[in-house]
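To start, the structure under review is shown below, and the notes come after it.
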Amino acid sequence: MLNLPENISRSLRNGLICTLVFFAANVGYALGDASYVTRSKESSGLQLAAHGKLIDLYVDSEDHWGLVRAVGDLQADFEKVTGTQPKLEHSPSKLGKTAVIVGTIGKSALIDRLVSDGKIDISEVRGKWEAYHIELVDQPAKGLQKALVIAGSDMRGAIFGVYDLSEQIGVSPWHWWADVPATKSSTLWVKNGTRIQDAPKVQYRGIFLNDEAPALTGWVHENYGNYTHEFYVHVFELLLRLKSNFLWPAMWNNAFADDDEQNMILAHKYGIVMSTSHHEPMMRADKEWDRHGEGPWDYARNPDRLDAFWKEGAERNKPYDSIYTIGMRGQADTPMSETEDIGLLEKIVDAQREILTEVFDDRDISEVPQVWALYKEVQGYYESGMRVPDDVILLWCDDNWGNIRRLPTPEERKRVGGAGVYYHFDYVGGPRSYRWTNVTQLAKVWEQMNLADKYDANKIWLTNVGDLKPQELPITYFLDLAWDIDDWPKERIPEYGKLFAESAFGPEHTEAIAELLTAYTRHNARRKPELQDATTYSLLNYREAERIETELAQMVAKAEALYAATPEERKSAFFQLVYYPVKASAAITQMYIAQAKNHLYAAQGRSVTNEYAKLTEKYFDLNKELEDLFHGDATGGKWNHMMSQPRIGYTYWNNPPADMMPAIMLNRPAAVADMGVAVEGMTAAWPAEGNYYALPDFHRYGQDERLIEVFNRGTVPFDFQATASENWIKLSKTSGTIKNQEQVSVSIDWKQVPEGTHRGSILVRGTGWGGARIAVTAHQPKSNDLKGFLEADGYVSIDAANYSSKRDVDGLSWEVIPNLGRTNSSISVYPIGDRSFENPADAPFVEYDLTLFSSGTVSVETLWNPTWPIAPDRGLRFAIAFDDETPQIVDLHADRAHSLWQESVRTAVRPATTSHEIETAGHHTLRIYMVDPATTLQKIIVNTGGLGDSYLGPEQSLLAP
């Protein structure tokens, strides 16, 4: 099934494939960083490799075990790139004339000597958290002519410097987890003048392996038997290569420290800070209570045993880098009680703090990292007044759908412990679990985590990545933002996909691959695959389903062409990172659209009903075939089970036990000729009794054609004729023979239509008595004085980023967030701060010029990102006005009903509707004012009376010439 789909023409296939050439090799580098390693000889630079001769590597054997191990990875990485392994020395006297010198400041004698001799200046990194200094140094020590020095402020800082060099020479962080091959090169040089100093902005940066069965767990059981250290060392290495340091381990049916004692030991030695999830206190996994606990998981009834249980966890983890989760929820991640019991939870926290004080008697309790996760109902405890000691990190959480629920106020930002964010790329729960593939727009991650950064929630950034494998792209982006979001302003969002593509596949087709990454994640974010069904995209209005089908077919065709052009050694990685998520995501939606047509055509009695039943089955089977390829031939069998998460056939919030084929309808057409006629926008088709058939009205500046479908209700072909009552009604065909069905496009010759409203009809004759008469109405407005977006078809539709003008206030400005939203880009006010404008007249605004051809009452639907009210004392407000009317202030969260939140995350927008009086037709200006920060606008739809139902709304209206 690796061929292009049948509905893509041979010419398109050939055209795409012929324009592609094989991917060229490139020297890699950390995404977004300038390259300091080159394949070309560098004058006054440092030769790392040349035709089988490699530079020596040095690390002090007395340095941290984790760093020595990482330099061993660097040694292996050089071999992956050059085919030759460099020498790894632990004695400076054994080095040649050049070397790569790695060490931790204060732990490596050679590094410390370079500092004391003034060969390197590490004043900017000394004492910093996880900082590294990389510099090309002339004559660093006796006998050495040149050296690339990598010095870390601590062990992890040095390790990050090592892996930075690995990525620079051409080894991807995803070399093992996504089979991205090293970029081969026999020559490598460090550029003259290289000097880099870097450190993270967020202290703890990491991932949560969660919701991990059946996919990850099935794979782990097949390859390792259980979640043992043989598995986890691959996770540790990946995290370090991505310059992260923090892990919540898999816990559905496992217990990290209890499953294998080496897990905790090696995490510490590698340099990974471990913690337990939001509902697992004191470094004890949920499953450990099942295994070792006695009595109920209820502190009110069983405090002594719980205290002893938690103390064992603190004692076990005392030697290791850990962050202690405090507080308590119910077992299996449920609420602790039906009502808030603040007194009990405060008692629990006091007891846990006392345990930590006893265990860590050699230090102050404030030096023992602790976190309180304000997850789900636990945030309610906080909002009701419960507090924890000032040194505890507050971990604010999103709503499990990528929308942060709350962020620190100015007063809360003064807390010594600081704050962080727990985010989600994967979730089990309502309104619908989503666990199968990547559904996350990078722009959404940026928009939300930028809020976290600007409101100082930067102590911990942690994201739930589910099975890990499907989330390679958003994981990389999230952790790059965590390292330093200032390196990645919103203007660079489109660039990131290109850099990710280049790091994995070379520079040849970065634009095309990045377009695919953006396209499939936008598509999945619009409506997650698990939430889609036959009703998602409209068959009747705005050709929505047809547009989506075209978009998906183009995505698949591009992925097929790129896959065909990919060198064999990179095919597995391309399949995992690009091809599979594109084609499998497309197949889900294509299946549901085919099912929708099957149901509609069955109701209309079309003879092709059964063909769309078969097409539905075909796409259902294709999804399984792609899964089997992922588990087998396309990846050499390495990733069996990884795509086994069910995603089709949900009937409530949780997944079915297996993918379930959608219901299809079958028709038994008679062996006769029997004409039917379907009209765009109508479910009923002629000759259904008692129906008036009319095409949606034509407007001079609206949709330029409408469709009539002439179809056969039987199996015997027949001839049809179509005639228009007026010369200005144009038909793409006036006759033909119908075996199954044919489309007749209807358009208007506007040169023949006078000003005003005009009516005509189309008569379609074939079999049966009379024929189908279809009404046609055309509106020709005055053509003078047009400005801005033009009303047509009963609405004006505008993508928010396409404003006509704007006003900035005190440096605050509405700005575009590229690629954010269901259809285009979004806008919000930057820089982010605490200021709100109670009087919209004083606020920054954007303006949209419109020409309306009608007057009276209109409604405006604005579609916003479903951001939560991140401040505790207000919602998220904006103001809106036409022309000189008094602005209406709208609170997006005035109604906080759970059902509204559910719908907002299902649809990926928060709508707001306002009503306005338009006194006269003509040019008008619509203004959107900032009131509160963090309001992000995607789309505006002005409904003048003709807006039809659809998921995405109509495409953007025509702009005046």
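The values are calculated or read from the model by the stated rules, or taken from the named source; none is laboratory data. All figures in this text were calculated on a predicted structure; none of them were measured in a lab. Every residue, glycine among them, receives a Cβ derived from its backbone with ideal geometry; neighbour counts consider all protein chains shown.
Couple of notes before you dig in:
- Of all residues in segment 716-731 being under 47 Å from the mean Cα position of the chain (by Cα) and touching a residue at least 24 places away in the same chain (Cβ under 8 Å), the one that is surrounded by the most Cβ atoms within 10 Å (Cβ to Cβ): Ile729
- When Met660, Met591, Met643 are checked against the criterion of being at pLDDT 95 or above, more than 25 Å from the chain's Cα centre (by Cα) and among the hydrophobic types (A, V, I, L, M, F, W, C), a single residue qualifies: Met660.
- Reported count of residues in segment 473-500, each being without any contact (Cβ under 8 Å) to a residue 24 or more places away in the chain and under 18 Å from Val180 (Cβ atoms), is 1.
- Which numbered condition Ala314 fails, given (1) surrounded by fewer than 15 Cβ atoms within 10 Å (Cβ to Cβ); (2) in a helix (DSSP H, G or I); (3) not charged (D, E, K, R): (1)
- Conditions (1) in contact with a Gly (Cβ under 8 Å, 6 or more places away or on another chain); (2) of a type in the set (D, E, K, R); (3) more than 28 Å from Gln532 (Cβ to Cβ); (4) not in a strand (DSSP E or B): number failed by Asp719: (4)
- All told, Ala504 falls short of being part of a helix (DSSP H, G or I), buried (at least 23 other Cβ atoms within 10 Å of the Cβ) and in contact with a strand residue (DSSP E or B) (Cβ under 7 Å, 6 or more places away or on another chain).
- Filter result (outside any strand (DSSP E or B) and either in contact with a Gly (Cβ under 9 Å, 6 or more places away or on another chain) or surrounded by fewer than 23 Cβ atoms within 10 Å (Cβ to Cβ) (or both)) within segment 236-250: Phe236, Glu237, Leu238, Leu239, Leu240, Ser244, Asn245
- Subset of segment 830-887 that is surrounded by 14 or more Cβ atoms within 10 Å (Cβ to Cβ), polar (S, T, N, Q) and not in a loop (DSSP other than H, G, I, E, B) - its residue that is nearest to the chain's Cα centre (by Cα): Thr862
- Within segment 872-888, residues that are at positive phi have Cβ atoms under 6 Å from residues that are assigned to a strand (DSSP E or B) in these pairs: Asp883/His924; Asp883/Thr925, counting only partners at least 6 apart in sequence or on another chain.
- Residue pairs whose Cβ atoms lie under 6 Å apart, sitting 6 or more positions apart in sequence or on different chains, and linking a residue in segment 343-354 that is touching a residue at least 12 places away in the same chain (Cβ under 8 Å) and more than 14 Å from Tyr324 (Cα to Cα) to a partner that is buried (at least 19 other Cβ atoms within 10 Å of the Cβ) and aromatic (Phe, Trp, Tyr), are Leu345/Tyr381.
- Residue within segment 363-373 that is more than 14 Å from Met282 (Cβ to Cβ) and not in a helix (DSSP H, G or I) present: yes
- Within segment 256-311, considering residues that are small (Gly, Ala, Ser), surrounded by fewer than 21 Cβ atoms within 10 Å (Cβ to Cβ) and not in a helix (DSSP H, G or I), the one nearest to the chain's Cα centre (by Cα): Gly293
- Those strands (runs of 3 or more DSSP E) of segment 381-490 in which 1 or more residues are in contact with a strand residue (DSSP E or B) (Cβ under 7 Å, 6 or more places away or on another chain) and of a type in the set (Gly, Ala, Ser) occupy 419-424.
- When segment 318-347 is limited to residues that are over 24 Å from Phe246 (Cβ atoms) and surrounded by 22 or more Cβ atoms within 10 Å (Cβ to Cβ), the one that is nearest to the chain's Cα centre (by Cα) turns out to be Met336.
- Residue match in segment 757-766 (condition: closer than 21 Å to Glu705 by Cα, under 44 Å from the mean Cα position of the chain (by Cα) and not in a helix (DSSP H, G or I)): no
- Scanning segment 765-780 for residues being touching a Gly at 6+ places or on another chain (Cβ under 6 Å) and more than 16 Å from Ser747 (Cα to Cα) gives a total of 1.
- So Glu627, is it among the acidic types (Asp, Glu) and within 26 Å of the chain's Cα centre (by Cα): yes
- Here Lys201 passes the criteria (1) among the basic types (Lys, Arg); (2) under 24 Å from Phe575 (Cα atoms); (3) within 28 Å of the chain's Cα centre (by Cα) except the one numbered (2).
- Whether a residue is in the same structural domain as Thr276 (by TED's automatic domain parsing), modelled with pLDDT of 95 or more and closer than 27 Å to Arg835 by Cα was assessed, and Leu356 does not pass this test.
- The selection criterion, being surrounded by fewer than 18 Cβ atoms within 10 Å (Cβ to Cβ) and either more than 31 Å from the chain's Cα centre (by Cα) or assigned to a loop (DSSP other than H, G, I, E, B) (or both), does not hold for Ala801.
- Checked against the criteria, Glu568 does not count as touching a residue at least 24 places away in the same chain (Cβ under 8 Å), surrounded by fewer than 20 Cβ atoms within 10 Å (Cβ to Cβ), more than 19 Å from Ile664 (Cα to Cα) and among the acidic types (Asp, Glu).
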